[in-house]
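A.B. asks: Shown below is the structure under consideration.
The values are calculated or read from the model by the stated rules, or taken from the named source; none is laboratory data. Computed from a prediction, not measured in an experiment: that's the story for all the values here. Positions of Cβ are backbone-derived with ideal geometry, glycine not excepted, and every protein chain shown enters the neighbour counts. These accessible areas exclude ligands, DNA and RNA; they are computed on the full protein's heavy atoms, side chains included. Shrake-Rupley method; radii C 1.70, N 1.55, O 1.52, S 1.80 Å.
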Amino acid sequence: MAASKSKQSLPHFVLFPLMAQGHLIPMADLAMLLSQNGVKITFITTPQNASRIHSLLSQSPFIQILQLPFPSTQPDIPQGCENFDSLPSLHLVPKFLTATSPLCRETEHLFLQLSPKPCCIVSDMALPWTIQLADKFNVPRLVFYSLSALYLLSMANLRATDFGQTIMAAADSELIIIPNLPEPIQVTKSQLIFTLDPVFLEWGNQMAKADRASYGFIVNSFDGLEPKYLEELKKSIGSDKVWCIGPVSLCNKDTTDKAKRGNKAAIDEQRCIEWLDRREPESVVYAALGSLCNVVAAQIIELGLALEASNRPFIWTIRQTKSTEKQVENWLAESGFEQRIKDRGLVVRGWAPQVLILSHPAVGGFVTHCGWNSTIEGISAGVPMVAWPLFADQIFNQKLIVGVLKIGVSVGVEKCSRWGVEEEIGVQVKMEAIRDAVQKVMSGEGQEMRRRVRELAVTAKTAMEEGGSSHLNLKLLIEDIIHQADSQQLQS
Ligand code: UDP
């Protein structure tokens, strides 16, 4: 094992996470997994992002974090903003992505000093400029996707069939069948439109180009979860160098590791556990809409009222943003909500220790925005879901949860939330619809879903254990890269 080897003799991987919680956190988990399997890691990110993952990664002597200042080339990105979650509006995401490009040049200097010489780059999919580093230093680039195979395949098929024009010509509510999927999936134009927004298309094209030039793909999924989509994805990529090594969140085994994931939690982990310990098994609803949730205050309030009306114990995580915080706080203070629910509801303002909560036996349902990390964390915990997608791949993850895996119900959103114009979408789901969806999942009606998701949780855990498919895939990936590095050394 790694501990018995010197750092100099270990294979050395350089990891580049995107600066967004849904990307940074699983990349940090991946770093831990690789280091536990005998790989030295250099994790390159900016100071604020480094501080978010430092306490987790510093536990491994085989991981070093190198920091580079966030480039200040884009005047629209405020000083000190280094992560999607601190952008004043999500419409700045394309500019934020462009702002990361100068990191390529900065990293070149660092790269020359790394020892032993790195044998590969593992890059977030959204940092296409890392292909230039891979070319310059003649090392393979691996792309890390914390996305479902279903979504990756859907996007690949849409691109391959030049579907953009068909979609643009469709009416907003028209159902569009995603081409060439093993099982047909339909989405409306207004759900797809986010993915086709011209501002993202340009960056998306650069990503696709960098992917085509890359050596292989690491996917935060597991072989038993979506096998048909995975098989088709490999065919579509035209390579078997696709390694499913997830769910990466399962590398966090003890309470402290689970609680440390991501930002500092707004609730003490012990208080959270004690609160959950006092509840019956599978009785608690956990509601959280991710690190970038951009629904309007009135919609947040509908969710709170639905949790109250569900008559079940609940933990409700409210993401605090400049645009909603004041209104929501006023409502919480003036409506008497917190007083009414104080015996069975826990409101977390800010960051919740999500994996810690989900893995507690008292949690019996998860109202989720279907971000891929949340989805696979819910699956790993064996918790059925109320699917409430907001944008991008979340729409497809909902299809997987509800239609393919049948481990959750839809809350009934029809439109994607648009970045920067959230007010236009307003309230999409009323309290009654959310309450009814929660009842379905938590009542007898939800038993079959619960049984299925529990089975998947067992498959997920087995996959990550010694000899399981994800563990084996990780080993094969490491061996492949070592082999690649050795043959290159022989040639030079
Ligand atoms: N997360 C968390 N606490 C929070 C909000 C988010 O731990 O209060 C974690 C969550 O467990 C997941 C990640 O942040 O690992 C969010 O990723 P996801 O893909 O679910 O959604 P995104 O935030 O990217 O929309």
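A.B. asks: How would you classify segment 299-352 from its alpha-carbon gyration tensor, with a ≥ b ≥ c the square roots of the eigenvalues: rounded for a/c under 1.5, else prolate if a/b is greater than b/c, otherwise oblate?
C.D. replies: Since a/c reaches 1.5 and a/b is larger than b/c, the shape of segment 299-352 is classed as prolate.
A.B. asks: Could you tell me which of rounded, prolate or oblate describes segment 51-156, using a ≥ b ≥ c as the square roots of the eigenvalues of the alpha-carbon gyration tensor, with rounded for a/c under 1.5 and, failing that, prolate when a/b is larger than b/c and oblate otherwise?
C.D. replies: Since a/c stays below 1.5, the shape of segment 51-156 is classed as rounded.
A.B. asks: What is the Å³ per residue value for the convex hull set by the Cα atoms of segment 200-240?
C.D. replies: 90
A.B. asks: Can you list the HN-Hα couplings for segment 284-291, worked out from phi with the Karplus curve (6.51, -1.76, 1.60; θ = phi - 60°), rounded to whole Hz and with x for Gly and Pro?
C.D. replies: Per-residue couplings from phi come out as 9, 9, 10, 10, 7, 10, x, 8 Hz.
A.B. asks: Further question: What number, in percent, do you get for the relative contact order of the chain if the mean sequence gap of Cα pairs under 8 Å and at least 6 apart is divided by its residue count?
C.D. replies: Normalised by residue count, the contact order of the chain is 15 percent.
A.B. asks: Keeping the other protein chains in place, figure out the carbon and sulfur percent of the accessible area of segment 1-91, with a 1.4 Å probe.
C.D. replies: Reported share for carbon and sulfur atoms: 54 percent.
A.B. asks: If you restrict to DSSP beta bridges whose two residues both lie in the chain, what percentage is antiparallel, to the nearest 5?
C.D. replies: 5
A.B. asks: So if each residue of separation counts as 0.36 nm, and I subtract the Cα-Cα distance between A208 and E479, what length gain in nm does that give?
C.D. replies: That pair, A208 and E479, stretches by 95.0 nm at full extension.
A.B. asks: Along its principal axes, what span do the Cα atoms of segment 334-492 show, with the longest given first and each in whole Å?
C.D. replies: 71, 38, 30
A.B. asks: In whole percent, and with a 1.4 Å probe on the protein chains, what portion of the accessible area of segment 365-492 is carbon and sulfur?
C.D. replies: Solvent-exposed carbon and sulfur of segment 365-492 make up 50 percent of the total.
A.B. asks: Could I ask something else about it? Per the 1.4 Å probe, what fraction of the accessible area of segment 104-250, in percent, lies on carbon and sulfur atoms?
C.D. replies: After summing per-atom areas, the C and S share lands at 52 percent.
A.B. asks: Taking amide H positions as placed in the peptide plane 1.01 Å from N, state which residues far from F314 in sequence (5 or more) or on other chains have amide H under 5 Å from it.
C.D. replies: The list, which skips near neighbours in sequence, is V285, G345, L346.
A.B. asks: Lysines within cross-link reach of K475: Cα-Cα under 16 Å, excluding same-chain residues under 8 positions apart?
C.D. replies: Filter leaves K40, K241.
A.B. asks: Please find the FRET efficiency linking Q488 to K95, where r is the Cβ-Cβ separation and R0 is fixed at 51 Å, and quote it to the nearest 0.05.
C.D. replies: Plugging the Cβ-Cβ distance into 1/(1 + (r/R0)^6) gives 0.85.
A.B. asks: Given 0.36 nm per residue, what is the gain on full extension from A309 to K461 after removing their alpha carbon distance, in nm?
C.D. replies: 51.3 nm
A.B. asks: Assuming a ≥ b ≥ c are the square roots of the Cα gyration tensor eigenvalues, decide whether segment 280-420 counts as rounded (a/c under 1.5), prolate (otherwise, with a/b larger than b/c) or oblate.
C.D. replies: Oblate is the answer for segment 280-420, as a/c is 1.5 or above yet b/c matches or exceeds a/b.
A.B. asks: Let me ask another. Based on alpha-carbon atoms only, what is the radius of gyration of the chain relative to the globular estimate 2.2 N^0.38 Å?
C.D. replies: Relative to the 2.2 N^0.38 Å estimate, the chain comes out at 0.95.
A.B. asks: Something else about it: Using a 1.4 Å probe on the protein heavy atoms only, what accessible surface does R349 show? Give it in Å² to the nearest 10.
C.D. replies: Surface open to solvent at R349 totals about 80 Å².
A.B. asks: What is the distance, in nm, between label points placed 7 Å from the Cα along the Cα-to-Cβ direction at A333 and at H54?
C.D. replies: Between A333 and H54, the simple spin-label model gives 3.4 nm.
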